[in-house]
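Report on one structure; see the data block that follows.
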Amino acid sequence: MLSKLGKVPDEVRAVMENSELDAFRCSHVRYRPAWELLWGNISKGSVCVAGDALHPMVPDIGQGGCAALEDGVVLARCLGEALLKNKKQEIKGKGEEGKEEYKRIEMGLNKYARERKWRCIDLTFTAYAVSFIQESEGKIMAFLRNKFFSPILARLLFKKADFDCGKLRSP
């Protein structure tokens, strides 16, 4: 591992040198099939999933943290729109108001789920495919990866990073 580090600060090298070999864990890339997101529920009632619970992915495309931040913006926008919608309408009784608010939250979470589903399927599948290409061995795969896939992947990854979450509005 130390021979593959290349030029790194002395502090980083010291951490590696002083770490026990048992502290490192290696595992194969695992893929969550797209149909789990496609047909599964990511929102139910007043609960939804976000971040790694929604879109676990390998770090090969550098979008895991970005996708979690996107989740936060989209979730805030969807909930904000749902809770502010019809806020100025007639005031109902206390019991009715609570039920109405719960329904609005549920609608906001359902909208969030619809908006994030396809983006998450796209990101997790792309991360897995890129990881598979990068980890594949053999002369033919190395040739394809280095000569053919590299320019395609570069354009694809830049497109993944250019995502508009929508605008957050203040009341």
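Check each of the GluC sites (Glu not before Pro) in segment 14-70 and keep only those in coil by DSSP with at most 11 other C-beta atoms within 10 angstrom; list them in order.
Loop-located and lightly packed - 20.
Using a Gaussian network model of the chain whose springs link C-alpha atoms within less than 10 Å, name the residue from 16, 141, 57 with the highest mean-square fluctuation.
Largest GNM mean-square fluctuation: 16.
For residue 83 and residue 161, FRET efficiency with R0 = 25 Å and r from the beta-carbon atoms, rounded to 0.05?
After rounding to 0.05, the efficiency reads 0.25.
Report, largest value first, the span of the C-alpha coordinates of segment 91-171 along each principal axis, in whole Å.
Over segment 91-171, Cα extents along the principal axes are 72, 23, 12 Å.
Could you give the longest part of the chain that holds none of the trypsin sites (Lys or Arg not before Pro) found in DSSP loops with at most 15 neighbouring Cβ atoms within 10 Å?
93-166
From the P(r) of the chain, could you give the percentage of C-alpha pairs in the tail past 29 Å?
Result: 43 percent of Cα pairs exceed 29 Å.
If the elastic network links every pair of Cα atoms under 10 Å, which of 140, 105, 121 fluctuates the most in the Gaussian network model of the chain?
Greatest mean-square fluctuation among the candidates belongs to 140.
May I ask you to compute the full-extension gain from residue 46 to residue 141, defined as 0.36 nm times their residue separation minus their alpha-carbon distance, rounded to one decimal in nm?
Taking residue 46 through residue 141 to full extension adds about 29.5 nm, to one decimal.
Measure nothing but the geometry: give the 0 to 90° angle between the long axis through the Cα atoms of 64-84 and the longest principal axis through the Cα atoms of the chain, rounded to 10°.
Between helix and principal axis, roughly 0 degrees.
Quick one: among 64, 40, 80, which has the greatest mean-square fluctuation in a GNM of the chain with alpha-carbon springs under 10 angstrom?
40
Please give me the summed charge of the neighbours of residue 107: other residues whose Cβ is under 12 Å from its Cβ, Lys and Arg +1, Asp and Glu -1.
Neighbourhood net charge equals +1.
Please identify the GluC sites (Glu not before Pro) of segment 113-150 that satisfy two criteria: DSSP loop assignment and at most 14 other Cβ atoms within 10 Å. Which are they?
137
How far is helix 94-135 tilted off the main Cα axis of the chain, in degrees rounded to 10, range 0 to 90?
Relative to the chain, helix 94-135 is tipped by roughly 20 degrees.
Quickly estimate the mean residue ellipticity at 222 nm for the chain, helices only: each DSSP H run with n ≥ 4 gives -39500 (n - 2.57), and the total goes over all residues, rounded to 500.
-18500 deg cm²/dmol
May I ask for the net charge around residue 164, where only other residues with Cβ less than 13 Å from the Cβ of residue 164 are counted and Lys, Arg are +1 while Asp, Glu are -1?
In short, +2.
Taking 0.36 nm per residue of sequence separation and subtracting the Cα-Cα distance, how much length would be gained by fully extending the chain between residue 2 and residue 36, in nm to one decimal?
Gain on stretching residue 2 to residue 36: 8.3 nm.
How far, in nm, would the chain grow between residue 125 and residue 76 when pulled straight, counting 0.36 nm per residue and subtracting the alpha carbon separation?
15.1 nm
Read-outs: derived from the displayed coordinates by stated rules, not from any lab. Everything quoted here is computed from the prediction, not taken from an experiment. Counting neighbours? That spans all protein chains shown, and the Cβs are built from the backbone with ideal geometry, glycine included.
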